[in-house]
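Each remark here refers to the structure printed beneath this line.
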Ligand code: F6R
């Protein structure tokens, strides 16, 4: 696509078309800067009418561990602000991984909840500069499941801007595993800007390796990449 705006339009249109055709779609959702304009355009399309989230359900990829409930940099707060507060997704149908109490039990419960909804139909992904998907950092096994993980220093640095000055980015998070992600029936990966070019190249032009978690997607039969020419640079 020629510009980030064109990508956001196209991805929002893709989601709106899917929800129009299949209102009970089980979505896997991502956060991050990439998805801010996508959700804005999806909400605009929703307001214009023609589709609904009332029969849908969603599962987010990840959430920080250790932030107080309602913290503005939590992914729950992000999802409420950018999507959930503006559409008719029923309360309780927009799930994020549990990060309180017994985290291992919460991870198993998240996997079970995805299963009880019949699995994820359409998984949205961004990509980290280091090739991460969700918070599966380099070295994550391709068969990993939802679990607590340490964040790479580069990821904590990249996400610093989401936190109030003086606050540190939590060192750990809960993320769906790569194995969890690969079970989605369809995957859409969105990459914008030159900062993502090397990661895209390593993910899709080089041999798959846990050194680049997104390269696990090579084994999935139905992945669509939405990117701009800068991110595609190394692929061109
Ligand atoms: C977000 C997530 C991450 C981001 C990735 C890119 O839920 O799981 O993998 O998609 O870090 O982030 P941005 O879009 O901020 O460059």
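The values are calculated or read from the model by the stated rules, or taken from the named source; none is laboratory data. Since the model is a prediction, treat every value here as computed from it, not as a measurement. Note that each Cβ is placed from the backbone with ideal geometry, even for glycine, and that neighbours are counted across all protein chains shown.
Residue 32 meets the conditions (1) assigned to a loop (DSSP other than H, G, I, E, B); (2) closer than 23 Å to residue 185 by Cα; (3) more than 16 Å from the ligand (Cβ to nearest atom) in every case but one. The failed one is (3). Residue-level check: of (1) outside any helix (DSSP H, G or I); (2) over 28 Å from residue 136 (Cβ atoms), residue 20 misses just (1). Applying a threshold of 6 Å to beta carbon distances and a minimum spacing of six or more residues, or different chains, the list of pairs starting in the range 41-53 at a residue that is within 14 Å of residue 10 (Cβ to Cβ) and ending at one that is not in a loop (DSSP other than H, G, I, E, B) reads 41/8; 41/9; 41/12; 42/12; 42/15; 45/12; 45/16.
Identify, from the list 119, 128, the residue that is touching a residue at least 40 places away in the same chain (Cβ under 8 Å) and crowded, with 16+ Cβ neighbours inside 10 Å. Please lay out each step first, then the result.
Working: 119 fails: crowded, with 16+ Cβ neighbours inside 10 Å.
Of 119, 128, the one residue that is touching a residue at least 40 places away in the same chain (Cβ under 8 Å) and crowded, with 16+ Cβ neighbours inside 10 Å is 128.
I need the full set of residues from the range 130-139 which are more than 18 Å from residue 225 (Cβ to Cβ) and near the ligand (Cβ under 8 Å from one of its atoms), in order please.
Initial filter on the range 130-139 (more than 18 Å from residue 225 (Cβ to Cβ)): 135, 137-139.
Hit for the range 130-139 is 135, nothing else.
Considering the range 140-236, the qualifying helices (runs of 4 or more DSSP H), each wholly inside and each with 1 or more residues that are in contact (Cβ under 8 Å) with a residue 12 or more places away in the chain, within 15 Å of the ligand (Cβ to nearest atom) and in contact with a strand residue (DSSP E or B) (Cβ under 6 Å, 6 or more places away or on another chain), run over 178-182, 197-204, 229-232. Residues that are touching a residue at least 24 places away in the same chain (Cβ under 8 Å) and surrounded by 17 or more Cβ atoms within 10 Å (Cβ to Cβ) within the range 66-85 comprise 67, 73, 75, 78, 79, 82, 83, listed in sequence order.
Here the condition is being at pLDDT 95 or above and touching a helix residue (DSSP H, G or I) at 6+ places or on another chain (Cβ under 8 Å); of 38, 103, it holds for 38 alone. Only strands (runs of 3 or more DSSP E) whose full extent lies in the range 51-129 are considered here, and none of them has at least 3 residues that are away from the ligand (no atom under 14 Å from the Cβ).
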